[in-house]
Every structure is written in C-alpha cells, then in structure tokens.
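Working notes, structure below.
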C-alpha cells in the first residue's frame, strides 16, 4: 500500500461519512441525487461479488468492501425513508433528479461487454462496475448545475469523492513503477472519472477556495 | 493469471 492509495481510500470513506452526516445532522436531503446514490449500490454489489467466491485478499480489503456495500445501501434507505417522513422534500428531490440514467447503465453494459478480462459473468460485472463508477456522479453534477446552488456539505461530498479517484491515478503510476503492475481497465475508467470531475474541481477551486458560493456552468 | 490490481484494489 502506498500513500496515494491510503489517502484515496480515506477520502472515499470520508465522502460517504460526510454524506451520511449531512443527511442526519441537517435532517435534509435537498440537493442529493437519489439516482447517483442508487448507482453506487449497484456498483458495489456488482464489483464485490468476489466476496462470495472467497478470494480473500486481506482483512482491510474485506472490511472496506463490506463497508462500501453497507454504507451505500444505508444512504439509499435513509433517502427512501424520507418518502414517508418528509413527502414534500422527497418529491422535490425526485423531481430535481432528471438525469437519464438508462444511458449510463446501457453505455456501461456495452463497454463491459466489449472490454473485460474474460467473457464470464463475474468479469463482465466487474468491468460494468468500473465503467459505471466512472460516470455515476453525473446525475449529481447535473442536478447541481441545474439548481446552480448547493449545500456546502454536498459540495464537500463531491470533492472528497473526486479526490479519491484522482489519488488512485498516482497510485497506479506508483504500482507500475515500483511493483511493475498495471491494470488497463482500472486506469482508463479512472481517468474518465477524473475528467468527469475536472470541471467540478475547477469551479470548486474558483468559487469555494476563493470565496463565494458555488454554481456550475 | 489473476490480475493483481483488480484483485486487491477497491
């Protein structure tokens, strides 16, 4: 494990904790994309099927996988719960969440069928999950750009999530040079994902770090 | 051959 990987994983962890804390402490779901959160459940469930094949890697690896599956499910349950407790806020959230996810799902499936390490169910689902993860934040970014404003904690959530994938890139350089290991699918999808975030990072830098509110173009 | 990066990363 190198520092980039550790800090990458930590920022991924932080992003999820920030989101859960946002929902629980502010008692609001305003500005959160249900679709993006639903996609993450699908991503973790399809990626970590290897938990069932008992291909044990390490304690850390298993715990993190279980945490990502559990926490993504928990977030969806929290959002779903507001359907009863806060029907108006729930309806507003769903109404604002207009991104067509079927294109992301279809596109990821096509890419997974074209690019995978083996034409088997597990390998295709793994590939599907990395392609889908590279674009899963789009409904959330789309929502943000439409409303033009967002709660600062939602912004920090997206920032931490983007930071996680960005840190994985130097991690792969490290692993290539130090360990001689390389994974073309992970690297390509990781770069796609970081590019998706790059516009957001730019606006984050301009607006949040130099003061003022946030509004995506 | 198992792809080590796919195998041990998250």
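Each value in this text was obtained by applying a stated rule to the coordinates, not by laboratory testing. Bear in mind the structure is a predicted one, so any value in this text is a computation, not a measurement. We place every Cβ from the backbone using ideal geometry, glycine too, and count neighbours over all the protein chains shown.
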Q: Let me have the 222 nm mean residue ellipticity of chain A computed from DSSP H runs of 4+ only, each contributing -39500 (n - 2.57), with the sum over all residues rounded to the nearest 500.
A: -24500 deg cm²/dmol
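Taking other Cβ within 10 Å of each residue's Cβ, how do A:174, A:126, A:131 sort, fewest first?
Details: A:174 16, A:126 24, A:131 27.
Going from least to most buried by this count: A:174, A:126, A:131.
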Q) Taking the Cα atoms only, what angle lies between the long axis of helix A:184-203 and the longest principal axis of chain A, rounded to 10 degrees? A) 20
Q | Cα-derived Rg to Rh of the protein assembly as shown, Kirkwood definition | A | 0.96
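Below 8 Å between Cα atoms, with a sequence gap of 6+, how large is the relative contact order for the range A:117-205 in percent? Kindly include the intermediate steps, with their values, before the conclusion.
Working: 39 pairs, mean separation 36.6, N = 89.
Relative contact order, the range A:117-205: 41 percent.
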**Q.** Residue among A:175, A:47, A:165 with the largest mean-square fluctuation in a Gaussian network model of chain A, springs linking Cα atoms under 10 Å
**A.** A:175
Q. Please state the relative contact order of chain A as a whole percent: Cα pairs under 8 Å, 6+ residues apart?
A. 32
Q | Where only C-alpha atoms are counted, convex hull volume of the range A:15-72 per residue in Å³ | A | 76
Q.
Taking the number of other C-beta atoms within 10 Å as the exposure measure, put A:156, B:7 in order starting with the fewest.
A. B:7, A:156
Q. What is the fewest-to-most order of A:95, A:111 by other Cβ atoms lying within 10 Å of their Cβ?
A. A:95, A:111
